[in-house]
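For reference, the structure is listed below as structure tokens.
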Amino acid sequence: MKVVSVEIRNFRNHTDTTLECGGGLNVLVGNNGEGKTNVVEAISYLSLTKSFYAASDAVVLQVGRDEFALKGDFSGDTGVRRHVEVRYRRDTARKTFLVDHTAAESLASVVGEFPVVVLSPEQTGITMGAPTERRRFLDLVIAQASKTYLQDLLEYRRILRQRNKILLDARIQRREPGDALEPWNKSLVETGSALMERRAAFFASFKDALERAYRTLAGNEEHPGADYVPSFKVPSWSDPKEIRALFEDELRQHEDEERRTGATGVGPHRDDIEFTIGGISARKFASQGQHRTLLVALKIAEFDYLKRQKGETPILLLDDVFGELDGHRSERLLEEAQTLGQVFVTTTDLRSFPRGLVPGEKTKVFEVEGGTVMEGVH
Ligand SMILES: Nc1ncnc2c1ncn2[C@@H]1O[C@H](COP(=O)(O)OP(=O)(O)O)[C@@H](O)[C@H]1O
Ligand SMILES: [Mg+2]
């Protein structure tokens with residue numbers, strides 16, 4: 001899939017920006033604060049139906065405006081043209097998506113239609129930060145690949161909210177939650193187990209992709225790993241009944257704790273991922289450089305995974321990554337990225353950019369200044 005053109009109105013510092021994109025490499029160059037990341041954010045917004053920064057819609061709306069609009073023309077791998085647009089109004093705080101000029105029935109129906117992979121410095125938390133950031137990564141990848149997963153995820157969150165409310169109310173009123181929990185336990189176990197199975201299956205194929213990507217960037221000396229660490233031990237994923245029985249058992253074991261804390265103590269909302277390099281924990285022991293390489297490799301692996309699952313090439317959005325990597329690894333990344341498909345990269349300085357960048361048919365350079373975008377370097 002490729003972005004053919006994007007229109008950005010009243011979004012962040014872009015009042016009226018149109019980009020006619022190149023089919024290969026698109027470089028956005030400009031000083032800090034001029035609006036490069038905002039372009040990347042706009043493209044990913046159309047795909048993910050929200051900001052990858054997790055900024056609210058009211059925050060991305062240009063200061064002093066009542067409405068923002070984004071439009072994208074896309075072209076699928078087979079050449080089929082797709083169109084997506086979103087409008088957000090401040091007064092109603094609502095956004096509406098049109099896909100191929102028809103109102104989308106839900107945001108979830110849009111996610112995955114225009115697959116993207118975003119790499120930005122904010123995402124260092126995936127390898128370095130708290131488990132929440134790893135779960136967000138996991139959910140965003142799998143949700144783009146599978147609508148069932150996204151539906152289950154939304155349903156699980158709803159169940160979790162209800163169940164936590166019962167636990168919390170009971171705690172505040174100093175009484176036993178009792179039978180009120182029973183139906184929620186059942187649905188928590190059912191939906192939660194489905195999510196866990198999907199996550200486990202994801203890792204089974206993601207590991208190889210991660211190894212390949214890491215090798216491309218760093219050579220053979222370092223060996224990366226990624227393991228799914230569910231909130232309770234699951235010896236085998238082959239028997240769905242067994243997983244559900246284990247989950248039920250865990251819930252029983254957490255009963256006392258849940259009554260004390262007023263929150264659900266076990267389930268996929270407590271899962272984690274352990275990344276390793278050379279067999280040891282990356283979060284604890286990796287160097288800065290290894291963290292960066294791991295993150296880039298994760299994103300290339302994500303790209304690979306999405307492409308295989310969807311049979312459609314994702315759009316790769318690389319925000320501010322070349323300053324972060326050493327020259328050698330940047331060049332490898334850029335070479336690799338160009339073979340993958342359509343890529344958007346941001347940079348403050350074309351000179352710091354890996355050599356071999358020649359604007360032409362497939363490569364376009366855009367200058368970004370004060371929320372305006374012009375093709376070519378001026
Ligand atoms: N909602 C908003 N309305 C107007 N301007 C905004 C809004 N959000 C961010 N900005 C402006 O966007 C600019 C940052 O753009 P960004 O794309 O992050 O820059 P960079 O080129 O460094 O990536 C800042 O000048 C900031 O004030
Ligand atoms: Mg930026």
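The values are calculated or read from the model by the stated rules, or taken from the named source; none is laboratory data. Nothing here was measured: the structure is a model prediction, and the numbers come from that model. Reconstructed Cβ throughout: ideal geometry from the backbone, glycine too, with neighbour counts over all protein chains shown. Side chains are part of the model used for accessible areas, which takes the heavy atoms of the whole protein and leaves out ligands, DNA and RNA. Shrake-Rupley method; radii C 1.70, N 1.55, O 1.52, S 1.80 Å.
Structure notes:
- The lone exception for Glu20 - which of (1) at pLDDT below 95; (2) out of contact with any Lys or Arg (no Cβ under 6 Å at 6 or more places or on another chain) it fails: (1)
- Restricting the stretch 317-342 to residues that are within 16 Å of ligand 2 (Cβ to nearest atom) and within 27 Å of Phe114 (Cα to Cα), the residue that is surrounded by the most Cβ atoms within 10 Å (Cβ to Cβ): Leu317
- Test: Asn220 is outside any helix (DSSP H, G or I) and farther than 25 Å from Phe137 by Cβ: yes
- Residue count for the stretch 225-243, restricted to those that are surrounded by fewer than 17 Cβ atoms within 10 Å (Cβ to Cβ) and farther than 30 Å from Ala297 by Cα: 4
- Residue pairs meeting the criteria (Cβ under 9 Å; at least 6 apart or on separate chains; first touching a residue at least 40 places away in the same chain (Cβ under 8 Å), in the stretch 25-38; second more than 8 Å from ligand 2 (Cβ to nearest atom) and among the basic types (Lys, Arg)): Leu25/Lys362; Leu25/Lys364; Asn26/Lys364; Val27/Lys364; Gly35/Arg12; Thr37/Arg12; Asn38/Arg12
- Thr17 out of contact with any Leu (no Cβ under 7 Å at 6 or more places or on another chain) and in a loop (DSSP other than H, G, I, E, B): no
- Only residues that are within 16 Å of ligand 2 (Cβ to nearest atom), aliphatic (A, V, I, L, M) and under 17 Å from Phe97 (Cβ atoms) were counted in the stretch 19-59, giving 2.
- Restricting the stretch 170-202 to residues that are part of a helix (DSSP H, G or I), in contact with a helix residue (DSSP H, G or I) (Cβ under 9 Å, 6 or more places away or on another chain) and at pLDDT below 95, the residue that is most open to solvent (accessible area, probe 1.4 Å): Arg171
- Among residues of the stretch 304-320, those that are assigned to a loop (DSSP other than H, G, I, E, B) and over 16 Å from the mean Cα position of the chain (by Cα), counted: 3
- For the stretch 77-95, the criterion of being in a loop (DSSP other than H, G, I, E, B), on the phi > 0 side of the Ramachandran plot and in contact with a helix residue (DSSP H, G or I) (Cβ under 9 Å, 6 or more places away or on another chain) is met by at least one residue.
- For the stretch 361-370, the criterion of being within 16 Å of ligand 2 (Cβ to nearest atom), open to solvent by less than 10 Å² (accessible area, probe 1.4 Å) and over 21 Å from Ala145 (Cβ atoms) is satisfied by at least one residue.
- Of all the criteria given as (1) more than 18 Å from Arg135 (Cα to Cα); (2) in contact (Cβ under 8 Å) with a residue 40 or more places away in the chain, the one not satisfied by Ser287 is (2).
- Scan of the stretch 1-18 for residues that are within 16 Å of ligand 2 (Cβ to nearest atom) and surrounded by 21 or more Cβ atoms within 10 Å (Cβ to Cβ), ordered by number: Ile8, Phe11, Arg12, His14, Thr17
- For Glu85, the requirement of being under 19 Å from Val4 (Cα atoms), of a type in the set (Asp, Glu) and touching a Leu at 6+ places or on another chain (Cβ under 8 Å) is met.
- Matching residues, the stretch 95-152, being open to solvent by 20 Å² or more (accessible area, probe 1.4 Å) and among the acidic types (Asp, Glu): Asp100, Glu105, Glu113, Glu122, Glu133, Asp152
- Residue check, Gly35 of a type in the set (Gly, Ala, Ser), surrounded by fewer than 17 Cβ atoms within 10 Å (Cβ to Cβ) and either more than 16 Å from ligand 1 (Cβ to nearest atom) or within 16 Å of Leu318 (Cα to Cα) (or both): no
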